[in-house]
Amino acid sequence: MRSTIGVLLAVLISPLAQAELIDEIADRGELRIAVQADNPPYAFKQDERLSGFDVEFGQDLARELDLRAEFVEAPADEVLPGVESGKYDVALTPASEALKSDGPLDASLPFGEKKLVIPFQKDNPAFESAVNNALQRLKDSGRTAELEQKWFKGVQETAAGQ
């Protein structure tokens, strides 16, 4: 009997736990985005301010989610563990391409020419849906392509010329 009650409670509580990330972020009104500040053209310091693709894209993503973007600089080896622990809500970093489907994080659908993904805490389907919908709106509006053209055009041309 006790185990049956435990299973029933787990089933009833699970949907509530899954909604927590999106609810917590909405209550805060901001999306905490981890970036590597020494990783041009993705993110870097310019005149003591963060700049780069990740910064502009993160601002647009947060705006699509009706949130403010709060960027948190993190060393590469702390980005994904920080997302897993809840220190950051998402990460915008090229390292996110290496996520495994059976790992401790979930990720958005791939976006852009570089097929980047946005990692976030596992088992948050409402948040995943919100992020994927926001990514689709950014793609449909042409904003993703515009930012890729702005930040990666010179990088792609340099790589092609080598």
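The values are calculated or read from the model by the stated rules, or taken from the named source; none is laboratory data. All values derive from a computational prediction rather than experimental measurement. Glycine gets a Cβ as well: all are built from the backbone with ideal geometry, and neighbour counts include every protein chain shown. Accessible surface areas use protein heavy atoms only, side chains included; no ligands, DNA or RNA. Shrake-Rupley method; radii C 1.70, N 1.55, O 1.52, S 1.80 Å.
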Test residue 145 against the stated conditions and say whether it is of a type in the set (A, V, I, L, M), open to solvent by 10 Å² or more (accessible area, probe 1.4 Å) and more than 14 Å from the chain's Cα centre (by Cα). yes
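Residue check: is residue 21 modelled with pLDDT under 95 and open to solvent by less than 40 Å² (accessible area, probe 1.4 Å)? Before the answer, list the steps.
Numbers: modelled with pLDDT under 95: yes; open to solvent by less than 40 Å² (accessible area, probe 1.4 Å): yes.
Criteria met by residue 21.
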Residue 49: passes all of (1) within 25 Å of residue 26 (Cβ to Cβ); (2) at pLDDT 90 or above; (3) surrounded by fewer than 17 Cβ atoms within 10 Å (Cβ to Cβ); (4) not polar (S, T, N, Q) but (1)
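Quick grid of which residues meet (1) open to solvent by less than 20 Å² (accessible area, probe 1.4 Å); (2) modelled with pLDDT of 95 or more; (3) in contact with a Gly (Cβ under 7 Å, 6 or more places away or on another chain):
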{"residue": "66", "(1), (2), (3)": "no, yes, no"}
{"residue": "87", "(1), (2), (3)": "no, yes, no"}
{"residue": "92", "(1), (2), (3)": "yes, no, yes"}
{"residue": "106", "(1), (2), (3)": "no, no, no"}
{"residue": "110", "(1), (2), (3)": "no, no, no"}
{"residue": "115", "(1), (2), (3)": "no, no, no"}
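If you scan the range 40-55, which residues turn out to be under 18 Å from residue 88 (Cα atoms) and either outside any helix (DSSP H, G or I) or over 13 Å from the mean Cα position of the chain (by Cα) (or both)?
Those that are under 18 Å from residue 88 (Cα atoms) and either outside any helix (DSSP H, G or I) or over 13 Å from the mean Cα position of the chain (by Cα) (or both): 42, 43, 50.
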Please identify the pairs in which a residue from the range 20-32 that is closer than 11 Å to residue 69 by Cβ has its Cβ atom under 6 Å from the Cβ atom of a residue that is open to solvent by less than 40 Å² (accessible area, probe 1.4 Å) and among the aromatic types (Phe, Trp, Tyr), counting only partners at least 6 apart or on another chain. 32/88
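To keep it simple, each residue is scored yes or no on (1) open to solvent by 30 Å² or more (accessible area, probe 1.4 Å); (2) in a strand (DSSP E or B); (3) aliphatic (A, V, I, L, M); (4) modelled with pLDDT under 90.
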| position | (1), (2), (3), (4) |
| --- | --- |
| 80 | yes, no, yes, no |
| 96 | no, no, no, yes |
| 123 | yes, no, no, no |
| 130 | no, no, yes, no |
| 139 | yes, no, no, no |
| 150 | yes, no, no, no |
| 156 | yes, no, no, yes |
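Are any residues in the range 55-64 under 17 Å from residue 117 (Cα atoms) and open to solvent by 40 Å² or more (accessible area, probe 1.4 Å), and if so, which ones? Step through it out loud before you land on a result.
First, pick out the residues of the range 55-64 that are under 17 Å from residue 117 (Cα atoms): 55-62, 64.
59, 64, listed by residue number.
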Boolean, residue 30 is touching a Leu at 6+ places or on another chain (Cβ under 7 Å), of a type outside the set (Ser, Thr, Tyr) and open to solvent by 50 Å² or more (accessible area, probe 1.4 Å): no
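Looking at the range 107-129, which of the residues that are of a type outside the set (S, T, N, Q) and in contact (Cβ under 8 Å) with a residue 60 or more places away in the chain is farthest from residue 151 (Cα to Cα)? Lay out the reasoning, then the answer.
Of the residues in the range 107-129, the ones of a type outside the set (S, T, N, Q) are 107, 109-120, 122-123, 125-128.
Narrowing further to those that are in contact (Cβ under 8 Å) with a residue 60 or more places away in the chain: 120, 123, 125-127.
Numbers: 120: 24, 123: 32, 125: 31, 126: 30, 127: 27 Å.
By that ranking, first place goes to 123.
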